[in-house]
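To start, the structure under review is shown below, and the notes come after it.
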Amino acid sequence: MSTPQADPRRWWALLVLAGAQFMVIMDTSIIGVALPEMQRDLGFSPSSLQWVFNAYVIAFGGLLLLGGRLSDLLGARRVFTAGWVTLIAGSVLAAAAETAWVELLGRAVQGAGGALIAPSAMTLLMMIFAHDTGERTKALAFYGAAAPAGGTAGVFLGGAITEWLSWPWLFLLYIPIGLASLAAVPALLPAVSGRGGSVDLLGAVSATGGLALAVFGIVQASEQGWTSAATLLGLVGGAVLLGVFVVSQRLVRAPLMPLGVWRTPGLLAGNVAITLLGAAWIPMWYFLNLYLQQVLGYGAFPSGAALLPMTLLMMLLMTTVTGRLIGRFGLKPLIVTGLLVLAAGLGLLSLARPGGAYLVDVLPGSLIAALGMSLVFIPATIASISGARPEEAGLASGIVNTTYQVGSALGLAAMTAVATAWGADRLGDPAALTDGFQAAFIGAGAVAVAGAVLGFALMRPQGPAAARSEEGEAAGTGA
């Protein structure tokens with residue numbers, strides 16, 4: 001029997017795995033320009049609209065570590081298949097939704113499917129290209145490029161599909177692609193038995209539930225106030241569940257996240273940077289979509305096209321330039337500088353006017369912010385995983401993906417509360433909406449500055465040579 005590295009089908013297998021990564025990441029961005037139409041059709045309030053995004057990322061980020069554990073226990077191909085079945089089911093539910101709660105349920109099911117697909121796809125890739133370091137590096141680079149490509153395609157396709165068809169087609173798109181991926185699994189992906197063992201269900205439930213309740217509490221604060229019963233219930237309940245998660249990781253035999261991993265050099269500092277990057281970047285992307293449509297009056301397709309230069313620049317820089325800068329300057333300078341550049345772009349966006357123009361109020365700030373994002377993401381990922389032992393590399397990678405999604409959800413919830421407090425809930429009033437969006441951009445900029453300060457304080461200097469040695473491995477950790 002041919003070994004995996006000699007089998008020419010391995011490159012077709014890579015296409016299936018990279019395509020899965022592409023689709024999972026696209027699912028976070030494809031709904032952006034459709035949000036105003038979904039708000040009108042399904043009755044979302046301005047503050048609850050964020051749950052269309054957060055329902056996905058909370059399920060995705062909260063269950064990623066469980067997905068990785070299940071890949072080890074049950075076999076990666078089996079979990080990859082289950083992930084696609086789950087994602088297809090969630091897509092059907094989200095497309096057919098006629099009420100807000102059904103839509104959110106569908107998005108959560110989609111996120112759970114993504115949490116099974118992403119870690120199992122990485123495991124399969126490492127198995128298929130296990131015996132040739134050069135091929136593995138090329139495969140990881142191709143797989144890693146699928147993440148920014150998915151984010152870019154999501155912005156453009158979301159606008160085109162919403163403009164020319166309707167928003168349910170954003171989810172129906174996943175059905176034929178998912179079925180094609182499932183059909184390719186038996187022929188292209190290796191079937192390897194899982195190693196058996198126990199599943200830390202308490203850890204998975206407490207982590208995901210704690211994150212969901214924390215976001216719920218922040219959302220309720222914008223509607224009912226910080227001292228309301230709903231707000232306090234969400235925040236306190238979230239803190240309790242997250243505390244249960246931490247304690248359980250000390251007590252269970254096979255924890256999802258052994259706490260000793262945090263002694264890994266660079267893991268804490270890198271994940272702090274990744275968390276605050278997500279907490280600044282996602283609110284910018286979210287409110288920029290709303291500004292284009294609700295204030296400047298753009299339709300869905302023009303709005304998606306307006307964001308395309310930003311996403312294309314980010315993809316270009318991350319795949320061609322950032323690695324060279326890492327080799328020359330190392331990790332810490334790029335992380336600190338990139339977060340400050342992101343803050344500068346957000347500061348420029350905070351000057352957007354009610355009667356603004358795209359070339360003045362959107363394009364310059366969005367390009368500067370994209371430059372900042374491009375400087376931070378890969379170096380922070382490398383910083384997080386470079387000190388991990390080989391047997392902990394997969395766990396460290398999973399933590400990076402998880403903390404980025406957690407930061408995204410919490411940051412969006414917090415900035416939505418800020419925007420609502422400053423007038424973003426007054427639909428039809430461009431001046432009030434702009435005030436709210438400006439406040440969100442300023443808040444997100446402050447988060448980016450905090451990330452730069454903490455990165456400078458926490459991160460140990462790492463020479464360019466050490467950073468280069470981990471660059472190839474980090475290419476496979478998309479978010």
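The values are calculated or read from the model by the stated rules, or taken from the named source; none is laboratory data. Since the model is a prediction, treat every value here as computed from it, not as a measurement. FYI the Cβ positions are ideal-geometry reconstructions off the backbone, even for glycines, and counts take in every protein chain you see.
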(message) Regarding region 217-234, can at least one residue be identified that is crowded, with 20+ Cβ neighbours inside 10 Å, among the acidic types (Asp, Glu) and touching a helix residue (DSSP H, G or I) at 6+ places or on another chain (Cβ under 9 Å)?
(response) no
(request) Evaluate region 412-430: report whether one residue or more is in a loop (DSSP other than H, G, I, E, B) and crowded, with 21+ Cβ neighbours inside 10 Å. (result) yes
(message) I'd like to check something: does region 204-220 contain any residue that is more than 23 Å from the chain's Cα centre (by Cα) and of a type in the set (A, V, I, L, M, F, W, C)?
(response) no
(request) State whether one or more residues within region 269-278 are buried (at least 21 other Cβ atoms within 10 Å of the Cβ), hydroxyl-bearing (Ser, Thr, Tyr) and not assigned by TED's automatic domain parsing to the domain that holds residue 412. (result) no
(message) List the residue pairs whose Cβ atoms are under 6 Å apart, where the first residue sits in region 305-333 and is farther than 20 Å from residue 29 by Cβ, the second is basic (Lys, Arg) and in a helix (DSSP H, G or I), and the two are 6 or more positions apart or on different chains.
(response) 327/468
(message) Which of the numbered conditions does residue 48 fail, given that it passes all the others? Conditions: (1) at pLDDT below 85; (2) more than 26 Å from residue 127 (Cα to Cα); (3) surrounded by 23 or more Cβ atoms within 10 Å (Cβ to Cβ).
(response) (3)
(message) If I filter region 61-68 for residues that are farther than 25 Å from residue 396 by Cβ, under 21 Å from the mean Cα position of the chain (by Cα) and not assigned by TED's automatic domain parsing to the domain that holds residue 216, do I get at least one hit?
(response) no
(message) Regarding region 405-415, can at least one residue be identified that is over 22 Å from residue 64 (Cα atoms), touching a helix residue (DSSP H, G or I) at 6+ places or on another chain (Cβ under 9 Å), among the polar types (S, T, N, Q) and modelled with pLDDT under 90?
(response) no
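Among the residues of region 243-260, which ones are surrounded by fewer than 17 Cβ atoms within 10 Å (Cβ to Cβ), in a helix (DSSP H, G or I) and aliphatic (A, V, I, L, M)?
The answer is 246, 247, 251, 259.
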(request) Specify the residue that is surrounded by the most Cβ atoms within 10 Å (Cβ to Cβ); the eligible residues are those in region 357-383 that are within 15 Å of residue 292 (Cα to Cα) and of a type in the set (A, V, I, L, M). (result) 362
(message) Test of understanding: among 362, 321, 376, which residue is in contact with a helix residue (DSSP H, G or I) (Cβ under 9 Å, 6 or more places away or on another chain), within 20 Å of residue 447 (Cβ to Cβ) and not assigned by TED's automatic domain parsing to the domain that holds residue 147?
(response) 376
(message) I'd like to know if region 270-282 contains one or more residues that are assigned to a loop (DSSP other than H, G, I, E, B), among the polar types (S, T, N, Q) and in contact with a Gly (Cβ under 6 Å, 6 or more places away or on another chain).
(response) no
(message) Residue under question is residue 368, and the condition is that it be within 24 Å of the chain's Cα centre (by Cα) and without any contact (Cβ under 8 Å) to a residue 40 or more places away in the chain; does it hold?
(response) yes
(request) Enumerate the helices (runs of 4 or more DSSP H) found wholly within region 142-228, keeping only those where 3 or more residues are within 23 Å of residue 404 (Cβ to Cβ), among the hydrophobic types (A, V, I, L, M, F, W, C) and in contact (Cβ under 8 Å) with a residue 40 or more places away in the chain. (result) 201-224
(message) If a residue must be surrounded by fewer than 23 Cβ atoms within 10 Å (Cβ to Cβ), aromatic (Phe, Trp, Tyr) and within 22 Å of the chain's Cα centre (by Cα), how many such residues does region 151-172 contain?
(response) 2
(message) Between 375, 339, 371, 351, which is over 16 Å from residue 322 (Cβ atoms) and aliphatic (A, V, I, L, M)?
(response) 351
